[in-house]
1. Which of these, A:82, A:103, A:285, has the largest mean-square fluctuation under a Gaussian network model of chain A (Cα springs below 10 Å)?
2. I need B:297, A:38 ordered by Cβ neighbour count within 10 Å, fewest first.
3. Can you tell me what share of the DSSP beta bridges in chain A is antiparallel? A percent to the nearest 5 is fine.
4. Which of the three applies to the protein assembly as shown, rounded, prolate or oblate, going by the alpha-carbon gyration tensor with a ≥ b ≥ c and a/c under 1.5 meaning rounded?
5. As a check on your grasp of the helix formula, calculate [θ] at 222 nm for chain B: sum -39500 (n - 2.57) over DSSP H runs of n ≥ 4, divide by the residue count, round to the nearest 500.
6. Only counting other Cβ atoms within 10 Å, I'd like B:197, B:340 sorted with the fewest neighbours first.
7. Once the piece of chain linking residue A:127 and residue A:304 is laid out straight, how much longer is it, given 0.36 nm per residue of separation minus the C-alpha distance between them?
8. If each DSSP helix of 4+ residues adds -39,500 (n - 2.57) and the sum is divided by the residues in chain A, what number results at 222 nm, nearest 500 deg cm²/dmol?
């Protein structure tokens, strides 16, 4: 840890587990993901820590290349094993995900943990009806008869509010509209009662009037089923609609974390502040938008120090020395910025 | 620069730069029955004034991209009329398609696939002026100037290939290429939609600055209502190939008239976790533009639909002047017979 004065918060709080008495459902510690080829190494995720309680929605917010999807995929071990170096630890419901063998991994995926993707057309199998695909998942994890699995599939389509569900069971993915396809994928993800749902930009490809329907549906199902959820998005508005907590990623690190209202109303990190300012939302038409200058760093050549420093308007010499350690202004309210000590801690007094 | 723009101006500032009258484009639907037609653009009329930014919003399948392609003659219209600065496009005594394209350029959403991957970007930018008759050396010089104007150092970025640039940089190149032949109007078809928010803001600022500098008129197509509100003077809302509402930007966003526009605005995430949207404003997906619903195309999803909505197609009210705010809804027409119609 850094020698800066930080408020008295126990080590347990800093580890992020001291919220009520719940055991964490997910514990990710010092996660590092590198993609190695003969020519180069891409440092996609660089020491990520977070935890999710049962029934909680954590939004990982970041732009393309920030490592948010890679983090999610690492949790399901979906990354190509030969080219990927994963370090650190991922525990889901007490299981060490990185140590699981192939069979145990098969049980985990779709059983304890489910994932939904941005593009349902590529995530669903085009040559099977959605009824068959959902029933197959149920049979694989829960056993029982085909008829029972099909009945469960029908139940699930009704749960996700697909109109005329009985007829839709025998539809192929291409016969459904984008919104219905996304609902079908959610139905499949929920088929075995997962305790953790991983959602990778599931509403990004949808139209506005459909996106809000799917968001409201996901929010309701998540609450009713008590699923812990990690929701990856680049859209601040979507995060505001669904998140309990937000973790902001930049260049493979979580640079800020906290309850959704705190992060959106009083962002601590200059990157989060810049992201909010540059998101067009009712700005005056007379003035330019306060854009963040420059572009994100090259993950093949990450310099020492804060990765945001080259684009930061508040940069100081200290920023280039080393990536600032997490600093807490309150339990669960973190930012990795050297300015936290002076500004926010004074305000917290 | 503005002096040359004035020279090209034929009808004076009051004459609209582009008038579209009753444009229609139907496609044969693949796989469906023989008579099935995709009514991508159906009876669309609007006026684009000199120096303004007209935003076009709508969901996928509403025909906004087809409309853009019709305006540039990238696809042929089935019927309707296009008038560029007083001259009918493609008509015997009007302006030729080639001349139209010298005046109107387009920037697409996918910044990578719209650049030639085997060509250094400076050559891509120089290609337009060269094809339109400038000498090679002159075209190169114009390309370098234009790269500077979009914020790219031509010595550093000019010799690079598209894959060596970031998404934002590639889109800057596309903008430079569009402007290299000094057009009067630019169609931006979801030009910032694929960019990250921080980069999107940079490109929006750039577009606003260039519009000033080169005296441009923009047609800005996007699904992002916040961006459209920020950049547009007037907004046109499309639904399933039809114009449902047209008016000044602030009027549309503060006082939307059409139930669809209201639903679209109400579907925007709140940005405030304390005031989340609890009920979706409309249910269901937009229907397919193949054989769209009868009458008002929004009626199957409209909370105010009555029998008249399925029977007759509402007219887009009388559009008189620049600031007219009109919408195609039976509730706005006292003679329609709709019970909620304004008397």
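1. Looking only at A:82, A:103, A:285, the largest GNM fluctuation is found for A:285.
2. By the 10 Å Cβ count, ascending: A:38, B:297.
3. 60 percent
4. Because a/c hits 1.5 or more and a/b fails to exceed b/c, the protein assembly as shown counts as oblate.
5. -9000 deg cm²/dmol
6. Fewest to most other Cβ atoms nearby, the residues stand as B:340, B:197.
7. Numbers: separation 177, 0.36 × 177 = 63.72 nm, distance 4.89 nm.
Taking 0.36 nm per residue and subtracting the Cα distance, the gain is 58.8 nm.
8. -9000 deg cm²/dmol
Since every read-out is calculated from the coordinates, none of them should be taken as a lab result. Since the model is a prediction, treat every value here as computed from it, not as a measurement. Cβ atoms come from the backbone with ideal geometry, glycine included; neighbour counts cover every protein chain shown.
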